[in-house]
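Peer 1: Can you keep this structure in mind? I'll have questions shortly.
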Amino acid sequence: MSPVTPAVTISIAAPPGGGKTTLSRLLAAKLGDVPILHFDDYEAFTHRGPAEVEAWLSRGAPIGEIAAPGFAEELARLRRSGARHVVVDAPVGRAHPATAAMIDVLIFLDTPLDIALARVIHHQASLAAQSTAPAAARDFTSWLEGYLRNYAGFMRRTYDVQRATVMPQADLVLDGTLTPERLVELALPFIVERTP
């Protein structure tokens, strides 16, 4: 039996609201409905309290401390699955030591943080507006108050860390304000050139 050629791994990185999930989904479809691995399904970092995140930032924000149990193992499995490509939706790119060597193409969406913030708030507002739950508006207002407080307090700094550590390692940096369709048009030829 001949060994399976590892899938080409394409990692899409951006801040929350930066467009990585949308681009991951569109690229996976264009590449033939290939598997997508979402870092958010594994990471535990966003469940930490503000004091823990502040302490992490004061230690220099080591990306290796962002726990994602099972993420590296699942990526390794998908690379051996026989798929030609695997798309990884993850904010950490090659800065995450456990999976850095498995990433063949890293695309960073350079999205202005005000635009990314507006997208996150718009998404949550849309969900609240569509909800039939009696407390939807109150729950959204409560979420928004906490989110903006934490954004001003420490979250913005984590996105600055991401830009400083992940973006320089990218093979392709794209303007995150472009339409998803335009991003696909720019990313796809770049990926195809690097696919054996």
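The values are calculated or read from the model by the stated rules, or taken from the named source; none is laboratory data. Please read all numbers here as calculations on a predicted model, not as lab measurements. Ideal geometry is used to build each Cβ from the backbone, glycine not excepted, and the neighbour counts take in all protein chains shown.
Peer 1: Here are some conditions: (1) at positive phi; (2) buried (at least 17 other Cβ atoms within 10 Å of the Cβ). Pro91 meets all but one. Which one does it not meet?
Peer 2: Status for Pro91: all satisfied but (1).
Peer 1: Based on this model, can you work out whether Ala14 counts as surrounded by 13 or more Cβ atoms within 10 Å (Cβ to Cβ) and in contact (Cβ under 8 Å) with a residue 40 or more places away in the chain?
Peer 2: Numbers: surrounded by 13 or more Cβ atoms within 10 Å (Cβ to Cβ): yes; in contact (Cβ under 8 Å) with a residue 40 or more places away in the chain: yes.
Yes, satisfied.
Peer 1: Give region 148-194 a look and list any residue that's of a type in the set (Gly, Ala, Ser) and within 19 Å of His85 (Cβ to Cβ), or say none.
Peer 2: Ala170, Ala187
Peer 1: Please list, ordered by first then second residue, the pairs with beta carbon atoms under 6 Å, 6 or more apart or interchain, first in region 108-125 and surrounded by 14 or more Cβ atoms within 10 Å (Cβ to Cβ), second hydrophobic (A, V, I, L, M, F, W, C).
Peer 2: Partner pairs satisfying both residue conditions: Phe108/Ala13; Phe108/Met167; Phe108/Ala170; Phe108/Val173; Leu109/Ala14; Leu109/Leu174; Asp110/Val173; Thr111/Ala14.
So that you can scan it fast, the table gives a plain yes or no per residue for (1) farther than 19 Å from Thr158 by Cβ; (2) outside any helix (DSSP H, G or I); (3) among the basic types (Lys, Arg):
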{"residue": "Leu23", "(1), (2), (3)": "yes, no, no"}
{"residue": "Thr46", "(1), (2), (3)": "no, no, no"}
{"residue": "Ala51", "(1), (2), (3)": "no, no, no"}
{"residue": "Gly60", "(1), (2), (3)": "no, yes, no"}
{"residue": "Ala67", "(1), (2), (3)": "no, yes, no"}
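Peer 1: Can you give me the number of residues within region 43-72 that are surrounded by 13 or more Cβ atoms within 10 Å (Cβ to Cβ) and under 19 Å from Ala95 (Cα atoms)?
Peer 2: Summing the residues that are surrounded by 13 or more Cβ atoms within 10 Å (Cβ to Cβ) and under 19 Å from Ala95 (Cα atoms) in region 43-72 gives 12.
Peer 1: So, one more: Among the residues of region 9-28, are any of a type in the set (Lys, Arg), at pLDDT 95 or above and over 9 Å from the mean Cα position of the chain (by Cα)?
Peer 2: If we filter region 9-28 for residues that are of a type in the set (Lys, Arg), which is where we start, we get 20, 25.
Restricting the remaining residues to those that are at pLDDT 95 or above gives 20, 25.
This time we only want the ones that are over 9 Å from the mean Cα position of the chain (by Cα), so: 25.
Yes, that holds for at least one residue.
Peer 1: Follow-up question, since we're still on this one. Name the residue, out of Phe154, Phe190, that is surrounded by 13 or more Cβ atoms within 10 Å (Cβ to Cβ), in contact (Cβ under 8 Å) with a residue 12 or more places away in the chain, more than 30 Å from Ala7 (Cβ to Cβ) and of a type in the set (A, V, I, L, M, F, W, C).
Peer 2: Result of the check over Phe154, Phe190: Phe154.
Peer 1: On to the next question. Starting from residues that are of a type outside the set (A, V, I, L, M, F, W, C) and buried (at least 17 other Cβ atoms within 10 Å of the Cβ), keep the ones in region 75-88 and report whichever is nearest to Leu23 (Cα to Cα).
Peer 2: Top of the filtered list is His85.
Peer 1: Do we have Ser11 as under 17 Å from Ile191 (Cα atoms) and touching a Gly at 6+ places or on another chain (Cβ under 9 Å) here?
Peer 2: Yes; evaluated as a whole, the condition is true for this residue.
Peer 1: Failed condition for Ala100, given (1) at pLDDT below 95; (2) surrounded by fewer than 19 Cβ atoms within 10 Å (Cβ to Cβ); (3) touching a helix residue (DSSP H, G or I) at 6+ places or on another chain (Cβ under 6 Å), with all others met?
Peer 2: (1)
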